[in-house]
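Taking it in order: structure first as structure tokens, then the write-up.
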Amino acid sequence: MFPYKYTIIEISEGQEVGFKAIIPAFPNLYVLSDSPAELHETVKILVNEEIECLKSKNKKIPKADNAQKFSGTFTIRIKPELHKRISELAQSQNISTNKYMSDILERGIHRY
């Protein structure tokens, strides 16, 4: 099993359709292909080449995604005015600010 997660996004320009991969562990890799199947293979090849390159330069290799654990909690800083507006919107729906933001983030992530 490939140890790094990635997302495939369909891209189109006019009549042409293609696919690109976003690999969070390797944000500098830009992978494009005409088909998802070809893209999967290209991602594996390019990631392995990038790992070899990093090793040869004695640079840090990103941890495999299956090695990273997530708590479900993170903190962000926002303007007080935005915080107030979010709180008001959550109250208007009779839910917590946390639930309100969780719902917004979940809906937004599906766009990617």
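Structure above, values below:
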| read-out | value |
| --- | --- |
| Among residues of the stretch 74-100, those that are under 30 Å from Tyr4 (Cα atoms) and either basic (Lys, Arg) or at pLDDT below 90 (or both), counted | 3 |
| Close pairs (6 angstrom Cβ cut-off, 6 or more residues apart or separate chains): farther than 26 Å from Ile61 by Cα in the stretch 1-29, modelled with pLDDT of 90 or more and small (Gly, Ala, Ser) anywhere | Ile11/Gly18 |
| Residue ID - surrounded by the most Cβ atoms within 10 Å (Cβ to Cβ), chosen from residues in the stretch 23-33 that are more than 17 Å from Ala64 (Cβ to Cβ) and at pLDDT 90 or above | Val31 |
| Looking only at the stretch 41-73, and only at residues there that are basic (Lys, Arg) and within 13 Å of Tyr4 (Cβ to Cβ), the one that is modelled with the lowest pLDDT | Lys63 |
| Hits in the stretch 36-57 (condition: among the hydroxyl-bearing types (Ser, Thr, Tyr) and surrounded by 12 or more Cβ atoms within 10 Å (Cβ to Cβ)) | Thr42 |
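The values are calculated or read from the model by the stated rules, or taken from the named source; none is laboratory data. Source: prediction; values computed, not measured. Note that we place each Cβ from the backbone using ideal geometry, even for glycine, and neighbour counts take in every protein chain shown.
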